[in-house]
1. Whether any residue in segment A:259-269 is more than 7 Å from chain B (Cβ to nearest Cβ), touching a Leu at 6+ places or on another chain (Cβ under 9 Å) and either among the charged types (D, E, K, R) or not in a loop (DSSP other than H, G, I, E, B) (or both) is what I want to check.
2. Going through segment A:183-206 one residue at a time, which ones are more than 25 Å from A:Asn278 (Cα to Cα) and of a type in the set (Ser, Thr, Tyr)?
3. B:Val54 passes all but one of (1) buried (at least 17 other Cβ atoms within 10 Å of the Cβ); (2) within 14 Å of ligand 2 (Cβ to nearest atom); (3) in a loop (DSSP other than H, G, I, E, B); (4) not aromatic (Phe, Trp, Tyr); which number fails?
4. Can you list the strands (runs of 3 or more DSSP E) lying wholly within segment A:1-106 that have 2 or more residues being of a type in the set (Gly, Ala, Ser)?
5. Determine whether segment B:12-19 contains at least one residue that is within 15 Å of ligand 1 (Cβ to nearest atom), assigned to a helix (DSSP H, G or I) and not aromatic (Phe, Trp, Tyr).
6. Starting from segment A:17-34, keep only residues that are free of Cβ contacts under 8 Å to residues at least 60 places away in the same chain, then list their pairs with residues that are among the small types (Gly, Ala, Ser) and not in a helix (DSSP H, G or I) whose Cβ atoms are within a distance under 7 Å, requiring at least 6 positions of separation or different chains.
7. Could you tell me how many of the residues in segment A:257-281 are near ligand 1 (Cβ under 7 Å from one of its atoms) and either over 20 Å from B:Met124 (Cα atoms) or out of contact with any helix residue (DSSP H, G or I) (no Cβ under 8 Å at 6 or more places or on another chain) (or both)?
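Just so you know, all these numbers are worked out from the coordinates, no wet-lab data involved. From a predicted model like this one, the values you see are computed outputs, not experimental measurements. Here Cβ is always computed from backbone atoms with ideal geometry, including for glycine, and neighbour counts include all displayed protein chains.
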Amino acid sequence: MTVLVYLDHEGGAIRQASRSAIAAASKLGDVDVLVTGPDAAAAAKSAAAIPGVKKVVQVTDTTGNSELAEPVASLLADLAAGYTHILAASSATAKNILPRTAALLDVQPIPDIVAINDADTFVRPIYAGSALATVKSADAKKIITVRASSFEPVASEGGNATIEEVALPAGPGGSTFIATELSKSERPELESARVVVSGGNGMLNEENFKLLEPLADRLGAAIGASRAAVDKGFVSNEYQVGQTGKIVAPELYIAMGISGQIQHLAGMKDSKVIVAVNKDPEAPIFQVADYGIVGDLFTILPQLEAELDKAG
Amino acid sequence: MKVLVPVKRVIDYNIKPRVKADGSGVETAGVKMSMNPFDEIAVEEAVRLKEKGVVSEIIAVSIGEAKAQDTLRTAMAMGADRSILVETDVVTEPLSVAKVLKALVEKEKPDLIILGKQAIDDDMNATGQMLAGLLGRPQATFASKVEVADGAVTVMREIDGGSQTVKLALPAIITADLRLNEPRYASLPNIMKARKKPMEKITPADLGVDMTPRLSVVSVAEPPERKAGIKLDSAAELVSRLRNEAKVI
Ligand SMILES: Cc1cc2nc3c(=O)[nH]c(=O)nc-3n(C[C@H](O)[C@H](O)[C@H](O)COP(=O)(O)OP(=O)(O)OC[C@H]3O[C@@H](n4cnc5c(N)ncnc54)[C@H](O)[C@@H]3O)c2cc1C
Ligand SMILES: Nc1ncnc2c1ncn2[C@@H]1O[C@H](COP(=O)(O)O)[C@@H](O)[C@H]1O
């Protein structure tokens, strides 16, 4: 069996989540990968160095079309003939493209898998992670997205794959890429950070939300947020952790002023160690927190910083 | 201009779902059901486009048990003009739903189809993309802003690192994200009015669609439970525990 993995990259650097998808794919068979975009050549070079990758399919495109689901979904459907499974890490990009590919191939996709039982049987969370469903696919080909936090990423160096250039098909047309606006951040990427400091409604406003930065700086942490914090405009949507935001599983997750509704827990309850600071002793976040402090976060935040500075 | 809005009946998002003792699925008997929250946003967006004079007719569609009528009534109370119930007892999955919707699109010829980005029961996040694929039409998923002008729709969409804007020729498919709008509550007079709005009832067989699921559920289990830890009295104790006990800093 040979498996094709669609890789997400940023300016040629392969995302860690995509290396988790390669780890999942390796359980199923030999692995080829696909990289697209204006920096596909750089991405292909990085991808070829990933151990276990046999072949890299490189699709260089400078027209903006590789930003669109329509042509990339058609490309994957064209490439599908040679593969039993098509995988990608569950990013916004993959969720945009892979279901469309599945429709073109008359396949029911299997999103967000957390375990592989055999070539047809997979485990995936449903109901915001309130249940784990084991599902068996009757389709000849499987289209799968992988929850990165459930698969240890493969190494980034040591491999030596071949690279093959392929052209992007036109797709059905009718869709034009206008622009992308990325928020710049010096911090580690939320989904692969070792430590995440998240703020919720308890941060009260945009100004106060920034108070999390000195703590995050000390811990080398990414910053996350609850939906309420995003809704109220304390931070933009890409910070959202949860059922409909990003799924994270860092070594340490610190929740400041977050109540812990199920939709939020869905995005962080697989973290190794959870810390919660909340003034309400009954807040549901304490039911999943390893360490909790009941109190006013605005008092505790500076104390935490001082303690970290002390022995650190 | 005509808009089609598919709406799904799901367990209300405030209810914590319980896994059935025999591991065959999640308990739905006697559980409060509501319209999928993302679909409320999709209906709201269609209604706003109608209020702006861009849209002339809104058709809500639901595929599922007879009780999905309640969901369609809610959609009509929010402002949909009429609705179609595609009745089936088979568990729906995105591929079969997309096939039903494709058949309806070919019949009704809407200019815009607005779906939710994700059903909060199966968490698939696939139906809109699949419908667009089957129709060979352009798609804009995870929409946070929608503007219709001159036979095209410009959509701002949420992506991992920020946002992206795309322009689609109509007819097109859009899936709604949480930030798109804040859905209205249906007023009592509108709920009364909705009772008189037309609801057509058909079956997947009428549309020639085979609903047999491709994914069969082997078992459904509770996820491993996380135990509540300990409450600490001070930041000093927390830092010391994180360093010496959990060893994560
Ligand atoms: C379809 C759908 C999808 C959703 N998806 C997501 C998602 O992906 N992610 C997500 O997070 N939510 C999601 N939600 C929203 C979710 O249901 C909750 O509304 C949200 O998580 C609440 O955010 P919060 O905990 O910050 O706010 P609140 O529930 O308002 O909690 C604020 C907490 O801060 C505490 N607090 C206040 N002041 C202080 C202080 N000075 N010191 C200490 N503590 C303080 C309070 O005691 C309270 O517990 C979704 C909802 C729906 C309907
Ligand atoms: N059975 C259904 N009836 C009507 N609409 C549906 C149904 N299933 C899915 N949808 C639509 O497709 C969207 C995405 O669902 P899903 O792909 O299952 O996450 C939902 O928000 C609905 O708009």
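1. Within segment A:259-269, not a single residue is more than 7 Å from chain B (Cβ to nearest Cβ), touching a Leu at 6+ places or on another chain (Cβ under 9 Å) and either among the charged types (D, E, K, R) or not in a loop (DSSP other than H, G, I, E, B) (or both).
2. Those that are more than 25 Å from A:Asn278 (Cα to Cα) and of a type in the set (Ser, Thr, Tyr): A:Ser183, A:Ser185, A:Ser192.
3. Evaluating B:Val54 over (1) buried (at least 17 other Cβ atoms within 10 Å of the Cβ); (2) within 14 Å of ligand 2 (Cβ to nearest atom); (3) in a loop (DSSP other than H, G, I, E, B); (4) not aromatic (Phe, Trp, Tyr) leaves (2) as the failure.
4. On the way: elements: A:2-6, A:30-37, A:53-60, A:85-89.
Hits in segment A:1-106: A:85-89.
5. Step one: list which residues in segment B:12-19 are within 15 Å of ligand 1 (Cβ to nearest atom), which gives B:12-17.
Okay, now just the ones that are also assigned to a helix (DSSP H, G or I), so none.
No: zero hits.
6. Cβ pairs passing all conditions: A:Val31/A:Gly52.
7. Looking only at that region, the number is 10.
Okay, residues lined up against (1) surrounded by fewer than 19 Cβ atoms within 10 Å (Cβ to Cβ); (2) of a type in the set (Gly, Ala, Ser):
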{"residue": "B:Val100", "(1), (2)": "no, no"}
{"residue": "B:Glu108", "(1), (2)": "yes, no"}
{"residue": "B:Ala132", "(1), (2)": "no, yes"}
{"residue": "B:Ala140", "(1), (2)": "no, yes"}
{"residue": "B:Lys145", "(1), (2)": "yes, no"}
{"residue": "B:Asp177", "(1), (2)": "no, no"}
{"residue": "B:Thr203", "(1), (2)": "yes, no"}
